[in-house]
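Before I ask anything, here is the structure I am working with.
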Amino acid sequence: MTDLAFIPVFRPLLPPADAVAAYLRQADAARFYTNRGPLVRRLEQRLAAALGLPGHAVRTASSGTAAIEVAILAHAGPARADRPLALIPGYTFAATALAAERCGYVPHFVDVGPETWAVDPAALARHPLLARTGLILPVAPFGRMPDMADLARLSRDTGIPVVLDAAAGFEQVLDRPALVTAEVPMAISFHATKTFSTGEGGAILWLDAAGQDRAVQVANFGFRLSRECRIAGTNAKMSEYHAAVGLAMLDGFADRRADYARVAAAWRRLAAGFSLPGRLYTAPEVSSAYVLLWAEDETAFLALETACTAARIETRRWYEAGLQDQPHFAHLGRDAMAGTRAVGRRLLGLPMACDLTEEAIATVLATLHRAAAALPPARAAG
Ligand SMILES: *Cc1c(COP(=O)(O)O)cnc(C)c1O
């Protein structure tokens with residue numbers, strides 16, 4: 001047992017200290033360390049340029065969670081007594097619902113579809129609680145983007161602001177900048193476990209210039225052109241230190257994406273040689289930070305998960321079986337959550353890294369294959 005190497009589910013690699021240091025020295029020289037300093041503004045400009053979008057389309061934040069909060073406060077404002085609810089998919093990371101709570105909303109969990117792993121905008125447009133809802137907060141799970149026109153229509157038809165948690169969607173937006181709209185602000189995470197990272201950090205992507213001015217104001221205590229707090233705010237500013245990491249990351253990001261593409265291609269190529277009891281999702285269908293196996297049923301899911309653990313291969317139930325079942329959220333309202341629970345018991349996170357070796361991938365695949373072969377024969381044949 002002890003001779004088996006541990007394979008982590010994700011292994012971040014941020015720019016080396018020397019690459020960051022060149023930018024840090026600029027902060028030293030400027031004696032500017034936060035409060036939208038030159039490095040933050042340059043990072044925002046370079047990200048907007050990389051997307052081919054106007055400069056105001058990108059505003060940074062201190063984390064992805066902070067970016068969700070800022071987008072909510074800038075677009076929907078804090079919750080009002082007559083519309084306290086936020087409709088949020090059960091199948092998401094805790095940050096989504098926590099951010100809504102920090103803005104005063106009471107999450108109400110809605111179900112996701114087994115194909116999209118996301119909410120159905122058409123179903124939300126008929127949701128019975130819309131009259132008490134002040135915010136709709138869909139999620140792009142693992143970077144799988146929704147149809148933004150559907151979300152804009154949902155907002156228009158219901159009159160309820162929609163904010164998208166697209167925390168893992170940075171690459172998808174890079175490849176399709178038209179996803180960024182004026183109607184639906186989206187929040188991106190630059191956490192170390194995401195593909196583009198500043199260590200901790202995030203951004204609001206939004207074409208609404210006045211909205212982005214509000215986002216800047218929200219992120220800086222509600223101040224605007226004075227030290228007077230004028231709207232609900234917080235401190236969600238990215239520091240110059242984190243921006244330095246981001247600028248160094250951006251310098252090497254084309255190479256990084258090529259590395260990820262090679263590993264994702266290796267996953268697909270090597271997986272083709274095995275009969276897996278399920279379907280593999282890799283980039284560009286999902287963010288490069290993830291390789292996901294959609295197991296054919298819960299029995300297979302559990303067998304594969306157990307086999308990996310025994311072989312010292314780390315897997316992850318990224319969003320568990322949904323937030324509605326987690327202790328902090330268990331008392332909150334929810335719809336029937338069959339889709340959320342099914343996805344939670346079928347979607348298995350497998351190891352990924354920009355430098356994951358083909359040998360490691362082959363080890364994981366052989367382990368999955370052996371576990372599948374040991375399943376009851378009627379099912380293993382399927
Ligand atoms: C990563 C992630 C977040 C949180 O982002 P942080 O930068 O860690 O605050 C929120 N929602 C989803 C869906 C995520 O994947």
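The values are calculated or read from the model by the stated rules, or taken from the named source; none is laboratory data. Remember, predicted model here, so these are calculated numbers, not experimental data. Note that we place each Cβ from the backbone using ideal geometry, even for glycine, and neighbour counts take in every protein chain shown. Ligands, DNA and RNA are excluded from the accessible area calculation, which covers all protein heavy atoms including side chains. Shrake-Rupley method; radii C 1.70, N 1.55, O 1.52, S 1.80 Å.
Residues that are surrounded by 11 or more Cβ atoms within 10 Å (Cβ to Cβ) and in contact with a Ser or Thr (Cβ under 8 Å, 6 or more places away or on another chain): does segment 16-31 have at least one?
Within segment 16-31, not a single residue is surrounded by 11 or more Cβ atoms within 10 Å (Cβ to Cβ) and in contact with a Ser or Thr (Cβ under 8 Å, 6 or more places away or on another chain).
If you don't mind, there's one more thing I want to ask. From Ile68, Ile88, which residue is out of contact with any Asp or Glu (no Cβ under 8 Å at 6 or more places or on another chain) and within 16 Å of the ligand (Cβ to nearest atom)?
None of the others qualify; the one that does is Ile88.
Considering only residues that are more than 25 Å from Thr282 (Cα to Cα) and among the acidic types (Asp, Glu), which ones fall in segment 151-176?
Of everything in segment 151-176, just one residue is more than 25 Å from Thr282 (Cα to Cα) and among the acidic types (Asp, Glu), namely Asp157.
If I ask for residues that are open to solvent by less than 10 Å² (accessible area, probe 1.4 Å) and not in a helix (DSSP H, G or I), which ones from segment 245-269 would you list?
none
Please pick out the residue among Ala272, Ala336 that is open to solvent by 60 Å² or more (accessible area, probe 1.4 Å) and more than 23 Å from Gly90 (Cα to Cα).
Unique residue meeting the criteria: Ala272.
Pull up segment 71-85, narrow it to residues that are of a type outside the set (Gly, Ala, Ser) and surrounded by fewer than 20 Cβ atoms within 10 Å (Cβ to Cβ), then point me to the one that is farthest from the ligand (Cβ to nearest atom). Spell out how you get there, then give the answer.
Keep residues of segment 71-85 that are of a type outside the set (Gly, Ala, Ser), which gives 72-73, 75, 78, 80, 82-85.
If we keep only those that are surrounded by fewer than 20 Cβ atoms within 10 Å (Cβ to Cβ) too, we end up with 78, 80, 82-84.
Working: Pro78: 20, Arg80: 24, Asp82: 28, Arg83: 23, Pro84: 22 Å.
That would be Asp82.
Among the residues of segment 136-195, what is the count of those that are within 16 Å of the ligand (Cβ to nearest atom) and at positive phi? Steps first, answer last, please.
First, pick out the residues of segment 136-195 that are within 16 Å of the ligand (Cβ to nearest atom): 136-146, 151, 162-173, 179, 184-195.
Adding the requirement that they be at positive phi leaves 142-143.
Of the residues in that region, 2 qualify.
Considering only residues that are open to solvent by 10 Å² or more (accessible area, probe 1.4 Å) and touching a residue at least 24 places away in the same chain (Cβ under 8 Å), which ones fall in segment 52-63?
Those that are open to solvent by 10 Å² or more (accessible area, probe 1.4 Å) and touching a residue at least 24 places away in the same chain (Cβ under 8 Å): Gly52, Leu53, Pro54, His56, Arg59, Thr60, Ser62, Ser63.
Let me ask another. Quick check: is even one residue across segment 203-211 open to solvent by less than 10 Å² (accessible area, probe 1.4 Å), closer than 25 Å to Asp150 by Cβ and of a type in the set (Val, Ile, Thr)?
Yes, there is a match, as at least one residue in segment 203-211 is open to solvent by less than 10 Å² (accessible area, probe 1.4 Å), closer than 25 Å to Asp150 by Cβ and of a type in the set (Val, Ile, Thr).
Just one of the numbered conditions (1) touching a strand residue (DSSP E or B) at 6+ places or on another chain (Cβ under 8 Å); (2) within 25 Å of Gly339 (Cα to Cα) is not true of Arg126; which one?
In the conditions (1) touching a strand residue (DSSP E or B) at 6+ places or on another chain (Cβ under 8 Å); (2) within 25 Å of Gly339 (Cα to Cα), Arg126 misses (1) alone.
For a quick check of your reading: which helices (runs of 4 or more DSSP H) sit entirely within segment 274-382 and have at least 1 residues that are in contact with a strand residue (DSSP E or B) (Cβ under 6 Å, 6 or more places away or on another chain) and over 27 Å from Gly113 (Cα atoms)?
Passing ranges, in order: 358-373.
Among (1) closer than 27 Å to Ala264 by Cβ; (2) free of Cβ contacts under 8 Å to residues at least 24 places away in the same chain, which single condition is Arg41 missing?
For Arg41, the exception is condition (1).
Now a separate question. Can you confirm whether segment 87-105 contains a residue that is among the polar types (S, T, N, Q) and surrounded by 21 or more Cβ atoms within 10 Å (Cβ to Cβ)?
Yes.
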